[in-house]
Amino acid sequence: MSIFPAKVKFRFRDVARTRQIVNIAIKHGFGQFIDQMSLGGLMSAGMRLVTFQKQEAYEKKTPAERLRLAMEELGPTFIKLGQILSARPDLIPLEFAEEFKKLLDEVPPFPVDEAKAVIERELGCSISEAFASFDETPIAAASIAQVHGATLANGADGEEVIVKVQRPNIEKTIELDIHLLYTLASLAETYVPEVGVYNPTAIVNEFARTIRKELNFTMEADNASRLRGNFENDPFLYVPKVYHDLSRRRVLVMERVRGMRIDEFEKIEASGLDRGELARKGAEAFFKQIFEDGYFHADPHPGNMFVLQDGTIALVDFGIMGRLTDELKDVISKTFIAIVQRDFDMMVHQYIKLGFLGVEVDLEKFRREFKADLVDVLEPVYGKTLKQINISDYIDHVIRLAIKHKLKIQPDLLLINKALLTVEGIGRQLDPEFNFMEVAEPYALTLITRQQSPGKVARKFRRDLIVITDLLEMLPKQLGALVRKALTNDAQVRMEHIGMDRLIRDMDRSSNRISFSLVISAIIIGSSIIIHSGQGKLLFGFPALGVTGFVIAGILGLWLVIAILRSGQM
């Protein structure tokens, strides 16, 4: 009998990792879901008893806390999954997104010899040929990579650089985990209907897309170079130089910037820098990325922002970047106009225009209910000055409102939300009098002016005209194809019975239990006949074969009873 569900084919190498996931899940109180997905067979009875005893320590924690602890224990892939989901409250419940923000990506460094081996293999030369010096003690270590200091061998003055090295075999580990996550997501959608609303497969898709980008350091190098180009000679923001000739898929070499973390407030004050000016510079640099360039650093947390001696802010870590299309810029500008003019109908229209709604949504009902909620959220804002508005609370309310109405928010808008909240939080810590909205206003107004310019309107009109023309050209062909199918009885109507899969699964499980019971009954009857005959070798005064049959029947019967009790369905 297989320990896996019949519809799922596990590869041989998956078994050990799947068993580890199951053990940790049950340990942290998720045994019910493991049983529903028919993966309980991966645990022995002894291990199950041990984990249930350990589980008592987690009973007082919330499900979100327990899942975060389980992710930390499961390692790099699941830590990254949680960190990515922390910025996607549209995919998971808000309490889980908030809890996942606590996930720590701090792990012990791997041996320097392994780091050197990766570097030499990627660069095709020895460490001494590439670098004049190489610091064997890492500056930082995370789940995917660690960073070493070095100086260039060919630099004019021994230029200082950082060398980011990918952990050995981390790609294989993550790809294995992604394969398992797809399998587990499929099982969850099939056997745990209550999690289906969160679309586990879509979550894994989003995670796989993001993590594979982070694993490609060549892409990160290109991100840094593009952002550096956007801020060439900018007095507010500095982006370190990338050494492309020494960078590869698993190795990234960049200029080393020495400065203070932006949240080291005492050091900043001691250096004589104006904290209020720093808050303004950081916000202006961020808004330039959003409103002018449409290309922004999507993870500007304090560990990625440094203050140089001259007061310039330097950014590092370019694995996650956000992009804004002209369409998204357009909706941002029009939404800003609508907020200023208190035009709630226009705000609702922008959500519909971007396709945030599913086809099943009643548009009129949505317009009515969403507008009413927007009024409740925004009306209190209009009585305040810009300085009094807490943008973090405001955006949080709008995101919660979008989730309430099941809007499909584009990932880049959520990245903007995350980055904006982080920048505003740092700004207020630097300077309690910092006015975030006041800094944003001129950039937003410039964007609005640009979007409403005659040239911009004309270009948009031409694009729309081309789309309409294409639709009109295709319409006769599509109508002709539809008529031909109708005349040849080839038109098809698809009907789907909701809940039928679960009914079939329950019936299949019930029939299996009945069959199992019949087998047990047959063993009992056969054993009774053998014992009644008194023939064969005796054991405890009874035929051994009959006694053995009763023992087997007893074990199988107990197993059946436990399975029924565990399922919660008598």
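Numbers for the structure displayed
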item	result
Computed E for His349/His244 - FRET, C-beta separation, R0 56 angstrom, nearest 0.05	0.80
Contact order relative to length of the range 80-123, as percent, for alpha carbon pairs under 8 angstrom and 6 or more apart	32 percent
Cα→Cβ-extended label distance, 7 Å offset, between Ala458 and His405, nm	3.6 nm
³J(HN,Hα) computed for each position of the range 297-302 - Karplus, 6.51 cos²θ - 1.76 cosθ + 1.60, integer Hz, glycine/proline x	6, 9, 9, x, 7, x
Contour minus Cα-Cα distance for Asp222 and Thr469 (0.36 nm per residue)	85.2 nm
Value of relative contact order over the range 273-332, rounded to a whole percent, pairs C-alpha under 8 Å and six or more apart	34 percent
Förster radius 41 Å - calculated FRET efficiency between Glu327 and Glu73, Cβ distance, rounded to 0.05	0.45
Subset of Lys61/Lys404; Lys213/Lys241; Lys329/Lys406; Lys281/Lys371; Lys27/Lys101; Lys241/Lys288 violating a 28 Å alpha-carbon distance limit	Lys281/Lys371
GluC sites (Glu not before Pro) restricted to DSSP loop in the range 60-140 with at most 10 other C-beta within 10 Å	Glu106
Average Cα contact separation per residue, the range 106-250, under 8 Å, 6 or more apart, as relative contact order %	19 percent
Estimated inter-spin distance, Val112 and Phe550, nm [label 7 Å along Cα→Cβ]	7.2 nm
Check: the range 143-187 dipole with +1 on Lys, Arg Cβ and -1 on Asp, Glu Cβ, in debye	220 debye
Charge sum, other residues only, whose C-beta stays under 14 Å from His244's C-beta, Lys/Arg counted +1 and Asp/Glu -1	+1
Mean Cβ count within 10 Å, highest first, over the residues of peptides 268-275, 174-181	174-181, 268-275
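Taken together, the values in this text are just the output of simple stated rules run on the coordinates, not laboratory data. This one's a predicted model, so the numbers in the text were calculated from it and none came from an experiment. Positions of Cβ are backbone-derived with ideal geometry, glycine not excepted, and every protein chain shown enters the neighbour counts.
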